[in-house]
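Engineer: Pasting a structure below so you can have a look.
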Amino acid sequence: MRSTRLTALLAVSLLAIASLATAGCGSSDDDTTSGGSEGGGGGEPLTVGSDIPYPPFEQGKPGEYTGFDIELMEAIGEKIGRAPEFQDTSFETIFRDVAQGKFEAVISAATITEEREEAVDFSNPYYLSEQAVLVKEGSAIKSLEELDGKTVAVQQGTTGQELAKEELGGSEIRPFPEGPDAVNALKAGTVEAVIIDAPVAQNAVEKSGGVEIAEKVPTEEEYGIAVAQGETELLDEINKGLEEVFDDGTYKKIYEKWFKLEPPQEIFSASHEAE
Amino acid sequence: MSEFFHQYFDFNYMGEHFWEVLEAFLQNLLIFAVVAVLALTWGLILALLRQLPGKKFLPVRFLTIAYIDIFRAIPILIVILLISGGIPFLEFLPKEIRIPHWLGKPDPFWYGVAALMLVYGAFSAEVYRAGIEAVPRGQMEAARSLGMSHGQAMRHVVVPQAISVIPAPMLNEMISLLKDSTLVSVIAFAESVLISRELLAQSFNSSALILTGFFFILIILPLARVVDKLIARNQGKITRGSHIEVA
């Protein structure tokens with residue numbers, strides 16, 4: 001008698017868990033998506049990978065993503081008639097993923113580098129950037145050199161990590177999977193500085209507080225939109241869309257919204273040949 | 001298909017990074033060794049506290065059971081993130097405790113060790129308990145009726161018999177612990193999974209992860225076989241019945 005009651009109890013609880021799980025799956029999509037702007041046009045949606053969050057370039061909850069990259073991509077999508085559908089993805093695998101076709105394009109504050117070009121092709125640059133050394137407010141550290149021998153946080157797979165490895169051979173470099181985790185470690189005091197993209201650092205100073213930029217390291221980086229190698233048609237479309245967004249003032253509007261500054265003139269003439 | 005092998009089984013790549021990954025794997029073994037000692041001890045303490053008889057020890061038993069229940073239920077990843085994300089902010093603790101750099105190991109190492117110890121202490125306590133309860137109640141009663149105190153009965157009669165039942169499930173826990181040492185990678189401690197992901201990010205190749213997997217299999221497979229043998233031997237004892245010597 002007892003064993004049948006026990007079995008019944010086990011069966012009921014497993015059934016309950018299973019139904020809760022399927023109820024959870026039913027409402028939302030597998031891939032978190034964000035519908036493009038209304039003017040998306042008749043084309044198929046464009047799947048775009050991005051490492052979210054990375055404010056101010058991409059942030060927000062699934063279905064409500066926002067940020068400079070997000071809005072720029074939506075504007076480009078409108079020009080080429082393909083509304084972007086964003087997929088949150090981890091940065092360290094993002095280039096491999098687009099190369100393998102997991103999504104069609106990547107916009108994720110991604111710097112154009114030679115190593116990455118072995119796997120993907122980049123559009124013309126859409127943002128000029130540099131690195132920054134972020135420290136706790138009131139810290140005595142004022143420059144990159146002073147970080148020698150100290151503990152420094154970076155995000156895995158980023159150019160910030162490369163810069164740290166090149167310049168700071170004697171320091172402990174801690175790679176975090178997400179940019180915001182590195183900033184949290186700084187605030188907690190477990191690391192003494194974070195090397196990360198300057199606009200992201202600036203955003204941390206303004207939005208999260210308690211941190212300040214010790215030094216900006218001008219690395220003359222350019223962000224590009226990545227597509228799989230050989231996707232020349234798609235790349236041309238994206239470049240054309242980007243050009244139109246530059247020309248009709250949409251880029252300037254989005255830039256000023258997110259950075260409160262006028263975009264530098266160089267960006268409008270920056271170009272990049274896919275290798 | 002050849003792309004599959006290149007992505008996962010690039011032996012040249014594994015050869016190039018062999019020592020790098022091995023060195024990082026040694027960190028996993030280090031975490032395992034340190035936590036094993038701590039958790040086995042802590043678990044034993046918990047198990048004994050849980051056993052304390054009588055009304056006056058009720059609060060102790062209650063707290064111990066609550067601790068064990070909580071730490072068996074919370075995912076280890078959450079515990080690691082809570083410890084590393086919260087402890088540094090507890091200003092009332094001195095800095096050496098909040099951000100430990102003991103014995104040359106960085107703070108994420110110690111946060112990971114703390115989290116794993118808290119959780120595996122709870123699991124170990126349950127294994128000890130199972131061992132102790134496997135000993136027939138009559139043994140304890142007989143010992144008490146011979147005039148031994150609770151403590152003496154435990155030490156001379158119950159625990160020695162429990163010891164034969166404990167190794168198999170405990171070894172299973174230790175195997176889990178070795179695998180769970182990889183969780184410390186989320187707080188940026190340079191153990192094998194973190195290093196493999198670094199290599200993955202740099203070269204878009206997953207072979208380092210496979211290599212890491214090999215190392216784990218190499219160590220754990222023999223241990224798993226030992227567990228199987230122990231369980232088979234215990235089954236044999238139970239079904240055939242054995243005469244238990246009471247010293």
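Engineer: Inside segment B:144-171, can you point out the residues that are free of Cβ contacts under 8 Å to residues at least 40 places away in the same chain and either charged (D, E, K, R) or touching a helix residue (DSSP H, G or I) at 6+ places or on another chain (Cβ under 9 Å) (or both)?
Structural biologist: Residues of segment B:144-171 that are free of Cβ contacts under 8 Å to residues at least 40 places away in the same chain, as a first pass: B:144-149, B:151-153, B:155, B:158-159, B:162-163, B:166.
Result: B:Arg144, B:Leu146, B:Met148, B:Gln152, B:Ala153, B:Arg155, B:Val158, B:Val159, B:Ala162, B:Ile163, B:Ile166.
Engineer: Select, from B:Ile78, B:Ile70, the only residue that is assigned to a helix (DSSP H, G or I) and under 30 Å from A:Glu192 (Cβ atoms).
Structural biologist: Numbers: B:Ile70 fails: under 30 Å from A:Glu192 (Cβ atoms).
Unique residue meeting the criteria: B:Ile78.
Engineer: Something else: Residues B:Leu46, B:Leu58: which one is of a type outside the set (Lys, Arg) and farther than 26 Å from B:Asp180 by Cα? Quick ask: steps written out before the conclusion?
Structural biologist: Details: B:Leu46 fails: farther than 26 Å from B:Asp180 by Cα.
After applying the criteria, what remains is B:Leu58.
Engineer: Is it the case that segment A:107-119 has a residue that's small (Gly, Ala, Ser) and within 17 Å of B:Leu199 (Cα to Cα)?
Structural biologist: Taking every residue of segment A:107-119 in turn, at least one turns out to be small (Gly, Ala, Ser) and within 17 Å of B:Leu199 (Cα to Cα).
Engineer: Restricting attention to segment B:220-243, report how many residues are part of a helix (DSSP H, G or I), modelled with pLDDT under 85 and of a type outside the set (Val, Ile, Thr). Outline the logic, then answer.
Structural biologist: Here is the first cut: in segment B:220-243, the residues part of a helix (DSSP H, G or I) are B:220-240.
Filter once more, keeping what is modelled with pLDDT under 85: B:230-240.
From the residues that got through so far, the ones that are of a type outside the set (Val, Ile, Thr) too are B:230, B:232-237, B:240.
Adding up the residues that qualify gives 8.
Engineer: What are the residues in segment A:149-172 that are within 10 Å of chain B (Cβ to nearest Cβ) and over 20 Å from A:Arg116 (Cβ atoms), if any?
Structural biologist: Answer for segment A:149-172, where residues must be within 10 Å of chain B (Cβ to nearest Cβ) and over 20 Å from A:Arg116 (Cβ atoms): A:Thr151, A:Ala153, A:Glu172.
Engineer: Being over 24 Å from A:Pro199 (Cα atoms), within 14 Å of chain B (Cβ to nearest Cβ) and in contact (Cβ under 8 Å) with a residue 24 or more places away in the chain is the filter here; which residues of segment A:93-119 pass it? Let's see the steps before the verdict.
Structural biologist: Initially, segment A:93-119 is screened for residues over 24 Å from A:Pro199 (Cα atoms), giving A:96-104, A:118-119.
Next, only the ones that are within 14 Å of chain B (Cβ to nearest Cβ) stay: A:96-102, A:118-119.
Matches in segment A:93-119: A:Asp97, A:Val98, A:Ala99, A:Gln100, A:Gly101, A:Lys102, A:Ala119.
Engineer: Can I ask one more? With the structure loaded, tell me whether A:Ala201 is of a type outside the set (Phe, Trp, Tyr), buried (at least 22 other Cβ atoms within 10 Å of the Cβ), in a helix (DSSP H, G or I) and more than 14 Å from chain B (Cβ to nearest Cβ) or whether it fails that test.
Structural biologist: On the way: of a type outside the set (Phe, Trp, Tyr): yes; buried (at least 22 other Cβ atoms within 10 Å of the Cβ): yes; in a helix (DSSP H, G or I): yes; more than 14 Å from chain B (Cβ to nearest Cβ): yes.
Here the answer is yes, as A:Ala201 does meet what is asked.
Engineer: For the condition away from every other protein chain (no Cβ under 14 Å), part of a helix (DSSP H, G or I) and either among the β-branched types (Val, Ile, Thr) or in contact (Cβ under 8 Å) with a residue 12 or more places away in the chain (or both), what is the one hit in B:Leu199, B:Leu183, B:Leu178?
Structural biologist: B:Leu178
Engineer: Considering only residues that are outside any loop (DSSP other than H, G, I, E, B) and facing chain B (nearest Cβ under 9 Å), which ones fall in segment A:174-191?
Structural biologist: So in segment A:174-191, the residues outside any loop (DSSP other than H, G, I, E, B) come out as A:174-176, A:179-188.
Residues satisfying the conditions are A:Arg174, A:Pro175, A:Phe176, A:Asp181, A:Ala182, A:Asn184, A:Ala185, A:Lys187, A:Ala188.
Engineer: All but one of (1) in contact with a Phe, Trp or Tyr (Cβ under 7 Å, 6 or more places away or on another chain); (2) more than 14 Å from every other protein chain (Cβ to nearest Cβ) hold for A:Gly249, so report the exception by its number.
Structural biologist: Among (1) in contact with a Phe, Trp or Tyr (Cβ under 7 Å, 6 or more places away or on another chain); (2) more than 14 Å from every other protein chain (Cβ to nearest Cβ), A:Gly249 violates only (1).
Engineer: Working carefully through the options A:Leu134, A:Leu72, find the one that is in contact (Cβ under 8 Å) with a residue 60 or more places away in the chain and outside the structural domain of A:Pro264 (by TED's automatic domain parsing).
Structural biologist: After applying the criteria, what remains is A:Leu134.
Engineer: Filter segment A:1-49 for residues that are at pLDDT 55 or above and within 30 Å of A:Ile225 (Cβ to Cβ) and give the result.
Structural biologist: Listed by number, the residues that qualify are A:Gly42, A:Gly43, A:Glu44, A:Pro45, A:Leu46, A:Thr47, A:Val48, A:Gly49.
Engineer: Starting from segment B:81-101, keep only residues that are within 8 Å of chain A (Cβ to nearest Cβ) and free of Cβ contacts under 8 Å to residues at least 60 places away in the same chain, then list their pairs with residues that are of a type in the set (Ser, Thr, Tyr) and surrounded by 12 or more Cβ atoms within 10 Å (Cβ to Cβ) whose Cβ atoms are within a distance under 7 Å, requiring at least 6 positions of separation or different chains.
Structural biologist: B:Pro88/A:Thr190; B:Ile99/A:Thr190
Engineer: From the list A:Ile141, A:Ile76, A:Ile107, exactly one residue is surrounded by 21 or more Cβ atoms within 10 Å (Cβ to Cβ) and closer than 30 Å to A:Ala214 by Cα. Which is it? Working first, answer last.
Structural biologist: On the way: A:Ile141 fails: surrounded by 21 or more Cβ atoms within 10 Å (Cβ to Cβ); A:Ile76 fails: closer than 30 Å to A:Ala214 by Cα.
So the residue among A:Ile141, A:Ile76, A:Ile107 that is surrounded by 21 or more Cβ atoms within 10 Å (Cβ to Cβ) and closer than 30 Å to A:Ala214 by Cα is A:Ile107.
Engineer: Which one of these is exposed (fewer than 14 other Cβ atoms within 10 Å of the Cβ) and either of a type outside the set (Gly, Ala, Ser) or touching a Pro at 6+ places or on another chain (Cβ under 7 Å) (or both): B:Phe57, B:Phe11? Steps first, answer last, please.
Structural biologist: Values: B:Phe57 fails: exposed (fewer than 14 other Cβ atoms within 10 Å of the Cβ).
Within the list B:Phe57, B:Phe11, the selection yields B:Phe11.
Engineer: Being charged (D, E, K, R) and part of a strand (DSSP E or B) is the filter here; which residues of segment A:209-234 pass it? Walk me through it before giving the result.
Structural biologist: Let us first name the residues in segment A:209-234 that are charged (D, E, K, R), namely A:212, A:215-216, A:220-222, A:231, A:233.
The answer is A:Glu212, A:Glu215, A:Lys216, A:Glu220, A:Glu221, A:Glu222.
Each row is one residue, and each column tells you yes or no for (1) hydroxyl-bearing (Ser, Thr, Tyr); (2) modelled with pLDDT of 90 or more; (3) within 20 Å of B:Gly54 (Cβ to Cβ); (4) outside any helix (DSSP H, G or I).
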| site | (1), (2), (3), (4) |
| --- | --- |
| B:Pro108 | no, yes, no, no |
| B:Val113 | no, yes, no, no |
| B:Leu118 | no, yes, no, no |
| B:Gly121 | no, yes, no, no |
| B:Gly131 | no, no, no, no |
| B:Ala142 | no, yes, yes, no |
| B:Gly147 | no, yes, yes, yes |
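The values are calculated or read from the model by the stated rules, or taken from the named source; none is laboratory data. Source: prediction; values computed, not measured. Every residue, glycine as well, gets a Cβ built from its backbone with ideal geometry; the counts of neighbours run over all protein chains shown.
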